[in-house]
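Visitor: Questions regarding the structure given below will be posed in turn.
The values are calculated or read from the model by the stated rules, or taken from the named source; none is laboratory data. Please read all numbers here as calculations on a predicted model, not as lab measurements. Note that we place each Cβ from the backbone using ideal geometry, even for glycine, and neighbour counts take in every protein chain shown.
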Amino acid sequence: MPVDKDQPSSWVKYKPSLCRTCIGTCCTMPVEVKVHDLIRLELTTEDEVEAGVGKLVSRLKKQGIIKSYRANTGLFLLTDRPNGDCLYLDSRSRLCQVYDLRPDVCRRFPETLSLRPGYCPAIARTLR
Ligand code: SF4
């Protein structure tokens, strides 16, 4: 069965070597981040957050960085590109452009923060 990122039952058992040849499938899935991720990404500051999340949300939406914010979970949904790629995924290399600053969800995928922990929607570049 081919891997389908929307069908976790089709995902393969994760091993780090998969990332070397993958097109970055995980970076084509919705990316929800917390305020501390935005601070690490240098998209805001603690002072701006303290001044009010509402203003921050509206600035980040205007700048096209986030699509939405859910106050009940404190999660910001990053904007994706028209093809579904994460804002920070380089379309040619298929590598993250902010790797050292990447959000926690990216650091913990797929071991813990995943629809199917321990499994991955890896698609090799040659199979694309
Ligand atoms: S921030 Fe980087 S690692 Fe996370 S989804 Fe975007 S491109 Fe991928």
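Visitor: Do we have Leu56 as surrounded by 13 or more Cβ atoms within 10 Å (Cβ to Cβ), over 11 Å from the mean Cα position of the chain (by Cα), over 30 Å from Ala124 (Cβ atoms) and away from the ligand (no atom under 15 Å from the Cβ) here?
Guide: Values: surrounded by 13 or more Cβ atoms within 10 Å (Cβ to Cβ): yes; over 11 Å from the mean Cα position of the chain (by Cα): yes; over 30 Å from Ala124 (Cβ atoms): yes; away from the ligand (no atom under 15 Å from the Cβ): yes.
Yes, satisfied.
Visitor: Another question, if that's okay. Among what's in the range 95-111 and is at pLDDT below 95 and more than 11 Å from the chain's Cα centre (by Cα), pick the residue that is nearest to the ligand (Cβ to nearest atom).
Guide: Leu95
Visitor: Another question, if that's okay. Residue under question is Lys61, and the condition is that it be part of a helix (DSSP H, G or I) and loosely packed, with under 15 Cβ neighbours inside 10 Å; does it hold? Talk me through it step by step, then tell me what you get.
Guide: Numbers: part of a helix (DSSP H, G or I): yes; loosely packed, with under 15 Cβ neighbours inside 10 Å: no.
No: the conditions fail for Lys61.
Visitor: Let me ask something else. Would you point out which residue out of Leu43, Leu56 is touching a helix residue (DSSP H, G or I) at 6+ places or on another chain (Cβ under 9 Å) and not in a helix (DSSP H, G or I)? Explain how you work it out, then say what you get.
Guide: Numbers: Leu56 fails: not in a helix (DSSP H, G or I).
It is Leu43.
Visitor: Mind telling me which of the residues Lys34, Lys55, Lys67, Lys62 ends up being basic (Lys, Arg) and touching a Gly at 6+ places or on another chain (Cβ under 8 Å)? Can you show your working first?
Guide: Working: Lys55 fails: touching a Gly at 6+ places or on another chain (Cβ under 8 Å); Lys67 fails: touching a Gly at 6+ places or on another chain (Cβ under 8 Å); Lys62 fails: touching a Gly at 6+ places or on another chain (Cβ under 8 Å).
After ruling out the rest, the residue left standing is Lys34.
Visitor: A further question follows. Can you name every residue in the range 23-41 that is within 11 Å of the ligand (Cβ to nearest atom) and closer than 24 Å to Tyr119 by Cβ?
Guide: Result: Gly24, Thr25, Cys26, Cys27, Thr28, Met29, Pro30, Val31, Glu32, Val33, Asp37.
Visitor: While we're looking at this one, here's another question. Which one is nearest to Tyr88 (Cα to Cα), of the residues in the range 37-51 that are buried (at least 16 other Cβ atoms within 10 Å of the Cβ) and either over 23 Å from the mean Cα position of the chain (by Cα) or free of Cβ contacts under 8 Å to residues at least 24 places away in the same chain (or both)? Please lay out each step first, then the result.
Guide: Of all residues in the range 37-51, those buried (at least 16 other Cβ atoms within 10 Å of the Cβ) come to 37-38, 40-41, 43-44, 48.
If we keep only those that are either over 23 Å from the mean Cα position of the chain (by Cα) or free of Cβ contacts under 8 Å to residues at least 24 places away in the same chain (or both) too, we end up with 43-44, 48.
Numbers: Leu43: 13, Thr44: 16, Glu48: 23 Å.
Within the range 37-51, the match that is nearest to Tyr88 (Cα to Cα) is Leu43.
Visitor: In the range 67-94, what residues are among the aliphatic types (A, V, I, L, M) and either more than 8 Å from the ligand (Cβ to nearest atom) or surrounded by fewer than 12 Cβ atoms within 10 Å (Cβ to Cβ) (or both)?
Guide: Filtering the range 67-94 down to residues among the aliphatic types (A, V, I, L, M) leaves 71, 75, 77-78, 87, 89.
Once the filter is applied, which keeps residues that are among the aliphatic types (A, V, I, L, M) and either more than 8 Å from the ligand (Cβ to nearest atom) or surrounded by fewer than 12 Cβ atoms within 10 Å (Cβ to Cβ) (or both), the range 67-94 yields Ala71, Leu75, Leu77.
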